[in-house]
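The values are calculated or read from the model by the stated rules, or taken from the named source; none is laboratory data. Since we're looking at a predicted model, the values are computed, not measured. A quick note on method: Cβ atoms are made from the backbone with ideal geometry, for glycine too, and the neighbour counts reach across all protein chains shown.
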Amino acid sequence: MSTTPLRVYSYPACSTCRKALHWLAQQGFSVEAGTLELLDITRTPPSDEELQLAFEQLGRKRLFNTSGQSYRALGAAAVAALSDDQALAALAADGKLIKRPFAISADGTPLVGFKSEEWQAALVAP
């Protein structure tokens, strides 16, 4: 594993985040070992640079937490009408709009949501 910790933005009440953190622990990632940096996405949302990177690599649609209250409050039509810059600004302003968990690997690979196969391929050497 790299000396740069995996940065994971999660939400304590999110069951998907808890599953991801459990999986990461099974893979040997931990805050104590310095291999994991864990941040509350509502208190410390991803940086503009991290969001831009994920936006470019994963696409706009994958970044939005479409089942969350913040997204429903805005409405799908309003979100669809946002320019890319406006969408990034909205995501940066409200961590609950971001699909979680949101992670940035040591090599800069963004991961959004938890799919163990994707995380395995990105984080665990074969």
Filter the stretch 1-48 down to residues that are farther than 16 Å from F114 by Cβ, more than 14 Å from the chain's Cα centre (by Cα) and small (G, A, S), then give me how many there are.
5
Condition met for A103 (more than 18 Å from Q52 (Cβ to Cβ), under 18 Å from the mean Cα position of the chain (by Cα) and of a type in the set (A, V, I, L, M, F, W, C))
no
Can you say whether L24 is at pLDDT 95 or above, out of contact with any Phe, Trp or Tyr (no Cβ under 6 Å at 6 or more places or on another chain) and surrounded by 15 or more Cβ atoms within 10 Å (Cβ to Cβ), as far as the supplied structure shows?
yes
Those residues of the stretch 56-87 which are of a type in the set (D, E) and free of Cβ contacts under 8 Å to residues at least 24 places away in the same chain amount to E56, D85
Could you tell me whether the stretch 67-89 includes any residue that is surrounded by fewer than 17 Cβ atoms within 10 Å (Cβ to Cβ), in contact with a helix residue (DSSP H, G or I) (Cβ under 8 Å, 6 or more places away or on another chain) and of a type in the set (K, R)?
no
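Residue-wise test of (1) in contact with a Ser or Thr (Cβ under 9 Å, 6 or more places away or on another chain); (2) closer than 21 Å to A121 by Cα.
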{"position": "A20", "(1), (2)": "yes, yes"}
{"position": "T44", "(1), (2)": "no, no"}
{"position": "F55", "(1), (2)": "no, yes"}
{"position": "L58", "(1), (2)": "no, yes"}
{"position": "Q69", "(1), (2)": "no, no"}
{"position": "A73", "(1), (2)": "no, no"}
{"position": "A76", "(1), (2)": "yes, no"}
{"position": "Q86", "(1), (2)": "no, no"}
Only one residue in A54, A87 is modelled with pLDDT of 95 or more and either over 14 Å from the mean Cα position of the chain (by Cα) or on the phi > 0 side of the Ramachandran plot (or both), so which one is that?
A87
